[in-house]
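Asks: I have a structure here, written as structure tokens, and I will follow up with some questions on it.
The values are calculated or read from the model by the stated rules, or taken from the named source; none is laboratory data. All values derive from a computational prediction rather than experimental measurement. Reconstructed Cβ throughout: ideal geometry from the backbone, glycine too, with neighbour counts over all protein chains shown. Ligands, DNA and RNA are excluded from the accessible area calculation, which covers all protein heavy atoms including side chains. Shrake-Rupley method; radii C 1.70, N 1.55, O 1.52, S 1.80 Å.
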Amino acid sequence: MSYWCANKHESRPFFAVDAEIPDEWECPSCGLPAGRDQNNPPKPKRTEPYKSHFAYVKERRTDEDGAALLAEALERLRKRREGE
Ligand SMILES: [Zn+2]
């Protein structure tokens, strides 16, 4: 009995004869869910890579905003000094 994950790892867990055979099995190679259908493996449930990428983008944006605000503040300071 074989299971395949999205990375095309094949695993053959051993089940007792009277054990209930699960539809999904965690791939021992990469930890992704593996299914009985080789051509249609279950999709990874974890969405953390996407989330952390999104967080990274947000972080970047905040950094840029912060840099812009700082530049603006310096510019104001410079102008004020010139005015004196
Ligand atoms: Zn795998």
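Asks: What tally of residues in the stretch 7-46 results from selecting those that are modelled with pLDDT under 90 and not charged (D, E, K, R)?
Replies: Selection size over the stretch 7-46: 7.
Asks: What pairs can you find where one residue is in the stretch 4-16 and within 11 Å of Glu26 (Cβ to Cβ) and assigned by TED's automatic domain parsing to the domain that holds Asn39, the other is open to solvent by less than 40 Å² (accessible area, probe 1.4 Å) and more than 7 Å from the ligand (Cβ to nearest atom), and their Cβ atoms are less than 6 Å apart, with a gap of 6+ or different chains?
Replies: Cβ pairs passing all conditions: Cys5/Pro41; Ser11/Tyr3.
Asks: Does Asn40 meet the test of being more than 9 Å from the ligand (Cβ to nearest atom), open to solvent by 60 Å² or more (accessible area, probe 1.4 Å), within 24 Å of the chain's Cα centre (by Cα) and not aromatic (Phe, Trp, Tyr)?
Replies: yes
Asks: If you scan the stretch 26-36, which residues turn out to be of a type in the set (D, E, K, R) and either within 11 Å of the ligand (Cβ to nearest atom) or farther than 7 Å from Trp4 by Cα (or both)?
Replies: Of everything in the stretch 26-36, just one residue is of a type in the set (D, E, K, R) and either within 11 Å of the ligand (Cβ to nearest atom) or farther than 7 Å from Trp4 by Cα (or both), namely Glu26.
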